[in-house]
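The values are calculated or read from the model by the stated rules, or taken from the named source; none is laboratory data. All figures in this text were calculated on a predicted structure; none of them were measured in a lab. Glycine gets a Cβ as well: all are built from the backbone with ideal geometry, and neighbour counts include every protein chain shown.
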Amino acid sequence: MLGVFFSALKKRQSMEDMVYSIQKGDFDLRNDLIEQYKPFIKRSVSSVCKRYITDTDDEFSIGLIAFNDAIDRFSYEKGTALLSFADTMIKRRVIDHLRVQSRKKQELSIDFSVATEDGYAQSLLEADRSIEFHKEEIDAERRRDEIKSFTGRLQSFGITFDQLVQASPKHADARKNAISIARIVAEDSSMLNYLFQKKKLPLKILESKVNVSRKTIERNRIYIVAMVLVLSGDYRFLSDYIKGVLKD
């Protein structure tokens with residue numbers, strides 16, 4: 001059992017080292033990694049297209065580009081595995097491509113010709129619905145990844161998701177005020193570094209920058225810290241939550 005664990009750990013470290021070297025400019029290693037994971041790229045593309053993918057397919061080329069971009073943009077600090085991150089990027093790019101083709105009423109390179117009971121081929125409208133369904137699946141997967149990553153970040157501050165739910169201000173104005181405080185912290189590099197290093201809010205500095213009492217800040221500490229993490233991180237869906245709060 002321990003052998004399996006250490007083997008998996010070694011593989012993760014090896015992948016991390018490779019990505020780090022590639023991001024530093026190792027062009028040959030980049031090509032080797034892409035070549036090694038071509039079958040993975042084809043499977044990701046095929047899961048959207050619902051057909052066998054070859055090297056000559058346009059969708060495969062899009063998948064290759066997406067995988068290459070994923071290598072450049074990937075960071076283990078975000079709490080997501082490289083292949084999971086790459087899989088999401090590949091599917092999103094392919095879906096975007098298919099949606100453009102569908103909107104232009106051009107012939108889709110994906111085979112949506114699924115015969116119905118009446119013998120008619122599936123319409124472009126149905127094809128677009130299928131694409132939309134896959135997009136929703138990917139969005140749901142990314143949302144789960146975001147929550148998992150965010151939960152991990154919260155835990156590093158000694159906060160659980162349940163505690164965040166319980167500590168969230170009940171009134172809209174209180175939530176807006178807390179988010180405003182969080183934004184001040186997120187946009188100030190010195191306060192942000194203090195928070196990340198000390199795992200606590202820089203209360204003394206904050207008091208001089210906001211028109212609320214120290215007691216109010218401390219009462220909303222958990223919520224403020226959580227909002228700082230969202231504002232300073234790569235959380236597309238959680239950021240939408242903040243936008244919704246501010247609109248209320």
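How many of the residues making up segment 47-63 are surrounded by fewer than 18 Cβ atoms within 10 Å (Cβ to Cβ) and part of a helix (DSSP H, G or I)?
3
If I go through segment 175-187 residue by residue, how many of them are closer than 20 Å to Thr216 by Cα and out of contact with any Phe, Trp or Tyr (no Cβ under 9 Å at 6 or more places or on another chain)?
7
Is one or more of the residues making up segment 138-147 farther than 20 Å from Arg93 by Cβ and at pLDDT 70 or above?
Within segment 138-147 (the criterion being farther than 20 Å from Arg93 by Cβ and at pLDDT 70 or above), the answer is yes, since at least one residue qualifies.
Quick one: which of Ser149, Ser232, Ser213 is small (Gly, Ala, Ser) and more than 17 Å from the chain's Cα centre (by Cα)?
Ser213
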